[in-house]
Every structure is written in structure tokens, then in C-alpha cells.
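Participant: My questions all concern the structure below.
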2 protein chains.
Amino acid sequence: MEQSWTHRSRPDRLERRLEFADYDSTRLFLERLNTLSEREGRFPDISFGRTYVNLTLTAEAEGEAIGPREESFAAAIDDLL
Amino acid sequence: MEQSWTHRSRPDRLERRLEFADYDSTRLFLERLNTLSEREGRFPDISFGRTYVNLTLTAEAEGEAIGPREESFAAAIDDLL
């Protein structure tokens, strides 16, 4: 089973790494994530290659701690999978 | 003027950082890059957030040096801007 989000500090953030079977699956996930991001007006830092996506979520205001809004956005991302 | 590609080693790679005015411009560039990647069957490592994109190109075969094919793909990416 895939690991979920990891909470790290300095800066306070949530990170998750996802692996996909092929580029089409990666791309499909990124499309869904884009739709979610535009709807929520939140744009996580994303790294991706052919078959992986790394996500980093920070609080909306720089320097703030991860709170319920970030946890909720992370859960919404999980729902895309 | 924006800096172009930087050639780094270990592993041998080309890197470029791009800044965009807003998410729409970032997104438009990523869409074009996706089309190019699918056409060429090459998938660089990409990091992005709301207004930036970082690109890393390596040789197709792991451990190989950057050659004319990578330089040419980098130039094709530049043409998307």
C-alpha cells in the first residue's frame, strides 16, 4: 500500500510521493490535480517525471504552520487517486 | 533576459529555470511541453508551482552524457516560450 502524507518542518509542510504505472496514468492524475487546484485556488509544489509525482503542500501564508485547511486539501488530493 | 540552460554533472544533465507572470502562463507552457514530450517520447523531470517551472534533461540511457539529441530537445523546449 502506498504511504500517505509525511509532515515535515522548516518549512512546515506535507509531502507525498506517488508512483504510476506509465505516463498516461501520471498525466491523468496531473490533469485532475490541476482541476482541483484551479477550483481551490491552491497550487502545491509539484515535481514529476514519466512515472512519478512528488507533492509539497505548505500553508497559504508563508511561514505559517500546516493546519486543517492543508490537511483537507491533502485529503482532496488523495480522493483523486 | 532569461538565462538559458545550465550544463551540470553527476549525473550529466541540462537544467533550466523559468518564471511566469501567473498560473495561466505556467499552465500554458506545461501544456505545450506535454504535447512536445508525447510527440518526442521524452519526459524531462519537471518541478513547478504557481509561477515557475524547473526542467532537468538527462540522456535517454541512464548514465550517458548529454549529447546532440538532448541539446536539440532543449532547443525545442525553448521554442515553446
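Participant: Has region B:50-68 got any residue that is over 13 Å from the mean Cα position of the chain (by Cα), within 26 Å of residue A:43 (Cα to Cα) and within 14 Å of chain A (Cβ to nearest Cβ)?
Facilitator: Yes, because at least one residue in region B:50-68 is over 13 Å from the mean Cα position of the chain (by Cα), within 26 Å of residue A:43 (Cα to Cα) and within 14 Å of chain A (Cβ to nearest Cβ).
Participant: In region A:26-58, what residues are in contact with a Ser or Thr (Cβ under 8 Å, 6 or more places away or on another chain) and not in a strand (DSSP E or B)?
Facilitator: A:26, A:43, A:44, A:50, A:51, listed by residue number.
Participant: Right, another one. When you go through A:10, A:32, A:16 one by one, which is the residue that is exposed (fewer than 13 other Cβ atoms within 10 Å of the Cβ), more than 13 Å from every other protein chain (Cβ to nearest Cβ) and under 20 Å from residue B:47 (Cα atoms)?
Facilitator: Only one candidate qualifies: A:10.
Participant: Please specify each residue of region B:51-64 satisfying the condition of being surrounded by fewer than 16 Cβ atoms within 10 Å (Cβ to Cβ) and at pLDDT below 95.
Facilitator: The answer is B:60, B:61, B:62, B:63, B:64.
Participant: Now for a separate question. Being over 23 Å from residue A:42 (Cβ atoms) and polar (S, T, N, Q) is the filter; apply it to region B:35-49 and report the residue that is surrounded by the fewest Cβ atoms within 10 Å (Cβ to Cβ).
Facilitator: Here the answer is B:35.
Participant: In the set A:44, A:68, A:11, which member is of a type outside the set (Phe, Trp, Tyr), touching a residue at least 12 places away in the same chain (Cβ under 8 Å) and farther than 23 Å from residue B:30 by Cα?
Facilitator: Only one candidate passes the filter, namely A:11.
Participant: Within region A:36-49, which residues are within 11 Å of chain B (Cβ to nearest Cβ) and within 13 Å of the chain's Cα centre (by Cα)?
Facilitator: A:37, A:42, A:43, A:44, A:45, A:46, A:47, A:48
Participant: Across region B:1-30, what is the total count of residues that are among the basic types (Lys, Arg) and at pLDDT below 95?
Facilitator: Number of matching residues: 1.
Participant: Here's a follow-up. Residues in region A:14-41 that are touching a residue at least 40 places away in the same chain (Cβ under 8 Å) and among the charged types (D, E, K, R): how many?
Facilitator: 3
The values are calculated or read from the model by the stated rules, or taken from the named source; none is laboratory data. Since we're looking at a predicted model, the values are computed, not measured. Counting neighbours? That spans all protein chains shown, and the Cβs are built from the backbone with ideal geometry, glycine included.
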